[in-house]
Amino acid sequence: MSSLDIPPITISQDGYVRLMFDALLKVPLIHLLSGLDEDAPTFFSDGAIQAAITGYTEWVSTTTPAISMGWDWQLSASQGRTYCSRMGEPRSNIMLVNTYQQDIGVMKTTTLLITAVDKLDWQDQVMESINTRYAR
Amino acid sequence: MQIVSGTPRNFPVGFYSKVAQYRHKVFVELLGWKLKTREEGFEQDQFDGPDTVYIVSQDESGSVAGCARLLPTTQPYLLKEVFPQLLNGMVPPETSDVWELSRFAAVNFNEPHTSALGQFSSKVTIQLLNAAIAYAAARGAKRLITVSPLGVERLLHRLGHHAHRAGPPMIIDGHPIFACWIEIKPEIDTGTVLG
């Protein structure tokens, strides 16, 4: 994707980066950092010890100003596979706007950011980062 | 728990020293921040002065169990002077309706806690944060800006605050930190914190 495909991005006085959702989907995000939650609970189930492994991840664009998004994730296991899934709502510096450049609001923005995160292929990168960072 | 708000000029003798010692225990000893300290066991920087505002939580024994620092952005403040790179290219605000919240901690050393991050889940956190917001709002603030560890944004959302990051987090001295806006709700109760 060339820089011509990325729409111009500006930052407002309130700190929000404003753009339309379609434009956001065109902005490549790169992995910034990921980590484990230190206070993750441990609980027992049917005599087995289960550790709920949760963490956070941060992604950023290479644009100026930058788009920043972070979200929480949890590690789960099913049918012999371990997989990483998003937990809760993303956090960002984004306020999405409609075709009239009007804010669509925090709640609608958050809903669409969930869609954007779930379209992103982030799980492998996060697992690799966690394995590297916490390798013994 | 009792909340004390004000400046060192108005504090009882010895009170500010207790706050500086508490901050050293939290930020230097517990969290491992590399801060310059003016005296052994006291955490104090160039933004601490006789007119700096502090919001302090004391437990029943009178020990400090939490603290926060407030600075109007019309004077030098931490984010502008030390961490402007966290603002994503934006000019640091210098306006009477934006205050900076910094050195926020809610660790009660008289009670057991599981980790440094456990400080962010207590009743003291909620009281201290609400008191800081109310104090600033009573003096014209419409927004707060804060330099914080990543977990703070999640906490603020969980507590129902309209908070959003000012830009991407950055690793500084080994810790990921970011600048966060806290929008003050117009209906905030400021009636009990003047003085």
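Bear in mind these aren't lab numbers, they're just calculated from the coordinates by the rules spelled out. Every value quoted in this text rests on a predicted model; they were computed, and no experiment measured them. Neighbour counts are summed over all protein chains in view; Cβ atoms, including those assigned to glycine, are modelled from backbone coordinates with ideal geometry.
Going 7 Å from the Cα of residue B:37 toward and past its Cβ, which residues in the range B:7-28 have a backbone nitrogen under 12 Å from where you end up?
B:20-28
Which angle from 0 to 90°, rounded to the nearest 10, does the C-alpha axis of helix A:123-133 make with the longest principal axis of chain A?
Tilt of helix A:123-133: around 60 degrees.
At a Förster distance of 41 Å, what's the computed FRET efficiency of residue B:13 paired with residue A:23, Cβ-Cβ distance as r, to 0.05?
0.10
Quick one: which of A:127-134, B:173-180, B:85-92 comes out on top by average Cβ neighbours within 10 Å, and what's the full order, highest first?
So the order, starting with the most tightly packed, is B:173-180, B:85-92, A:127-134.
So what is the calculated 222 nm ellipticity per residue for chain A, using -39500 (n - 2.57) for each DSSP H run with n of 4 or more, over all residues, to the nearest 500 deg cm²/dmol?
Details: 3 runs with 29 residues, N = 136.
Estimated from H runs of four or more residues: -6000 deg cm²/dmol.
Summing -39500 (n - 2.57) over the DSSP H runs of n ≥ 4 in chain B and dividing by its residue number, what mean residue ellipticity at 222 nm do you reach, to the nearest 500 deg cm²/dmol?
Computed ellipticity for chain B at 222 nm equals -5500 deg cm²/dmol.
Can you give me the distance in nm between label points at residue B:109 and residue A:82, each placed 7 Å from the Cα along the Cα-to-Cβ direction?
Spacing of the two 7 Å Cα→Cβ label points: 3.9 nm.
Relative contact order (percent) for the range B:2-183, with alpha-carbon contacts under 8 angstrom and 6 or more residues of separation? Kindly include the intermediate steps, with their values, before the conclusion.
Values: 316 pairs, mean separation 34.4, N = 182.
It rounds to 19 percent for the range B:2-183.
From other protein chains only, count the Cβ atoms within 10 Å of every residue's Cβ in A:91-100, then give the mean. Don't jump to the answer; show the numbers that get you there.
Working: counts 10, 4, 10, 2, 1, 0, 0, 0, 0, 0.
Neighbouring Cβ atoms belonging to other protein chains average 3 per residue here.
Taking beta carbons within 10 Å but only from partner chains, what does the mean come to for residues A:63-75?
Going residue by residue through A:63-75 and averaging, the value is 3.
Work out the mean other chain Cβ neighbour count within 10 Å for the residues of B:160-168 and drop it here as an integer.
6
Which entries in A:108/B:142; A:26/B:34; B:18/B:123 show an alpha-carbon gap greater than 28 Å? List each step's numbers first, then the result.
On the way: A:108/B:142 23 Å; A:26/B:34 40 Å; B:18/B:123 21 Å.
In this structure, A:26/B:34 lie more than 28 Å apart at Cα.
So, R0 is 22 Å and r is the distance between the beta-carbons of residue B:185 and residue B:74; what FRET efficiency does that work out to, to 0.05?
Details: r = 22 Å, r/R0 = 1.02.
Result of the calculation: an efficiency of 0.45.
Scanning chain B for GluC sites (Glu not before Pro) in DSSP loops with at most 15 other Cβ atoms within 10 Å, what's the longest stretch left with none?
Longest gap between qualifying sites, sites excluded: B:95-186.
So what's the net charge close to residue B:28: Lys and Arg +1, Asp and Glu -1, counting the other residues with Cβ under 15 Å from its Cβ?
-1
Normalised by the number of residues in the range A:9-133, what is the relative contact order in percent for Cα pairs under 8 Å and 6+ residues apart?
Reported as a whole number, the value is 24 percent.
Of the trypsin sites (Lys or Arg not before Pro) in the range B:38-106, which ones lie in a loop per DSSP and count no more than 11 other C-beta atoms within 10 Å?
B:38
Can you tally the net charge around residue A:102? Count Lys and Arg as +1, Asp and Glu as -1, for every other residue whose Cβ sits under 14 Å from the Cβ of residue A:102.
+1
Net charge near residue B:50, counting Lys/Arg +1 and Asp/Glu -1 over other residues with Cβ under 15 Å of its Cβ? The partial results should precede the final answer.
Details: positive: B:9, B:38, B:69; negative: B:45, B:48, B:51.
Value of the local net charge: 0.
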